[in-house]
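K.L.:
One structure, pasted below without further comment.
The values are calculated or read from the model by the stated rules, or taken from the named source; none is laboratory data. Predicted model only: the values in this text are computed from it and were never measured. Reconstructed Cβ throughout: ideal geometry from the backbone, glycine too, with neighbour counts over all protein chains shown.
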Amino acid sequence: MKSIEIKGTAREIAARSSEQAKALKEIRKNNGVPCVLYGGGENLHFTVTNDMLRNLVYTPSIYLVNLDVDGKKVKAILKDIQFHPVKDTILHVDFLEVIDSKPIVMEVPVQLEGLAEGVKAGGKMTLQMRKLKVKALYDKVPEKLVVNVSHLGLGKTIQVGELSYDNLELLNSKDNVVCAVKLTRAARGLAAKGK
């Protein structure tokens, strides 16, 4: 898994919710994003700039985040992100501290490999699950899950239950379809002529 460095500044949490809302509004007005780090005992509240998050958020890749909050260094993963419903700006980010001996759960991108038999016969390949949820130690999580589709015929699918990877547990429902070769009109026509 790739890593990315993010520097932040610790922030205080106001006792009253009205003061808290005012403080968060001020952070966002100054190009900041309020963040929370969970999982390491006591939660750590901090602020980072929008620019710091750009390469972490707007990418299909997954990253191990090397957080540096006022000199305190922690390994973490991006757990949740909230966007403004209209402007699509980042409102809040949750990070989860990574502990070497404790498995983490995260979504990993799926990459299809090979030319399916069904595509050669005129079908169309569709990727129905762009990411799969996995559970593993952080150093065992791959950058992507490669699915070989060479053997896939017309009208056939690959389900989560048919996949397995070393040191990973797939958490999606076993009957979820990851990818399929759909029949196209051209493929139906070829099949009809072949009869």
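K.L.:
Restricting to the stretch 27-62, name every residue that is surrounded by 11 or more Cβ atoms within 10 Å (Cβ to Cβ) and among the charged types (D, E, K, R).
P.N.:
Arg28, Arg54 - these are the residues of the stretch 27-62 that are surrounded by 11 or more Cβ atoms within 10 Å (Cβ to Cβ) and among the charged types (D, E, K, R).
K.L.:
Going through Asp100, Asp94, Asp80 one at a time, which residue ends up being surrounded by fewer than 13 Cβ atoms within 10 Å (Cβ to Cβ), acidic (Asp, Glu) and under 14 Å from the mean Cα position of the chain (by Cα)?
P.N.:
Details: Asp100 fails: under 14 Å from the mean Cα position of the chain (by Cα); Asp94 fails: surrounded by fewer than 13 Cβ atoms within 10 Å (Cβ to Cβ).
Exactly one residue qualifies, and that residue is Asp80.
K.L.:
Additional query: I need every pair where a residue in the stretch 103-126 that is farther than 15 Å from Gly153 by Cα has its Cβ under 6 Å from the Cβ of a residue that is crowded, with 17+ Cβ neighbours inside 10 Å and of a type outside the set (A, V, I, L, M), sequence separation at least 6 or different chains.
P.N.:
Going by the 6 Å Cβ cut-off, the qualifying pairs are Ile104/Tyr138.
Residue-by-condition table, conditions (1) at pLDDT 90 or above; (2) closer than 25 Å to Pro142 by Cβ; (3) assigned to a strand (DSSP E or B):
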position	(1), (2), (3)
Leu53	yes, yes, no
Leu64	yes, yes, yes
Asp68	yes, no, yes
Ala76	yes, yes, yes
Lys79	yes, yes, yes
Leu91	yes, no, yes
Asp94	yes, yes, yes
Met106	yes, yes, yes
Pro109	yes, yes, yes
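K.L.:
If you don't mind, another one. Is there a residue in the stretch 115-124 that is touching a Leu at 6+ places or on another chain (Cβ under 6 Å), β-branched (Val, Ile, Thr) and either farther than 30 Å from Gly32 by Cα or surrounded by fewer than 18 Cβ atoms within 10 Å (Cβ to Cβ) (or both)?
P.N.:
Within the stretch 115-124, the first condition is being touching a Leu at 6+ places or on another chain (Cβ under 6 Å), and the residues that meet it are 116, 118, 121-123.
Keeping just the survivors that are β-branched (Val, Ile, Thr) gives none.
No, the stretch 115-124 contains no residue that is touching a Leu at 6+ places or on another chain (Cβ under 6 Å), β-branched (Val, Ile, Thr) and either farther than 30 Å from Gly32 by Cα or surrounded by fewer than 18 Cβ atoms within 10 Å (Cβ to Cβ) (or both).
K.L.:
Among the listed residues Asn148, Asn66, Asn55, identify the single one that is within 21 Å of Tyr38 (Cβ to Cβ) and among the polar types (S, T, N, Q).
P.N.:
On the way: Asn148 fails: within 21 Å of Tyr38 (Cβ to Cβ); Asn55 fails: within 21 Å of Tyr38 (Cβ to Cβ).
Residue meeting the stated conditions: Asn66.
K.L.:
Which residues, counting only those in the stretch 108-163, are under 30 Å from Asn66 (Cβ atoms) and acidic (Asp, Glu)?
P.N.:
Residues satisfying the conditions are Asp139, Glu143.
K.L.:
Tell me which residues, restricted to the stretch 1-26, are at pLDDT 85 or above, surrounded by 15 or more Cβ atoms within 10 Å (Cβ to Cβ) and more than 30 Å from Leu145 (Cα to Cα).
P.N.:
Result: Gly8, Arg11.
K.L.:
Inside the stretch 1-27, can you point out the residues that are in contact (Cβ under 8 Å) with a residue 60 or more places away in the chain and in a loop (DSSP other than H, G, I, E, B)?
P.N.:
Across the stretch 1-27, the qualifying residue is only Met1.
K.L.:
Here are some residues: Lys124, Lys195, Lys120, Lys135. Which one is basic (Lys, Arg) and at pLDDT 95 or above? Steps first, answer last, please.
P.N.:
Details: Lys124 fails: at pLDDT 95 or above; Lys195 fails: at pLDDT 95 or above; Lys120 fails: at pLDDT 95 or above.
From the options Lys124, Lys195, Lys120, Lys135, the qualifying one is Lys135.
K.L.:
Could you tell me whether any residue of the stretch 179-190 is out of contact with any Pro (no Cβ under 8 Å at 6 or more places or on another chain), under 30 Å from Gly8 (Cβ atoms), modelled with pLDDT of 95 or more and not charged (D, E, K, R)? Outline the logic, then answer.
P.N.:
Applying the first criterion (out of contact with any Pro (no Cβ under 8 Å at 6 or more places or on another chain)) to the stretch 179-190 yields 179-190.
Right, trim to under 30 Å from Gly8 (Cβ atoms) and you get none.
No, every residue in the stretch 179-190 fails to be out of contact with any Pro (no Cβ under 8 Å at 6 or more places or on another chain), under 30 Å from Gly8 (Cβ atoms), modelled with pLDDT of 95 or more and not charged (D, E, K, R).
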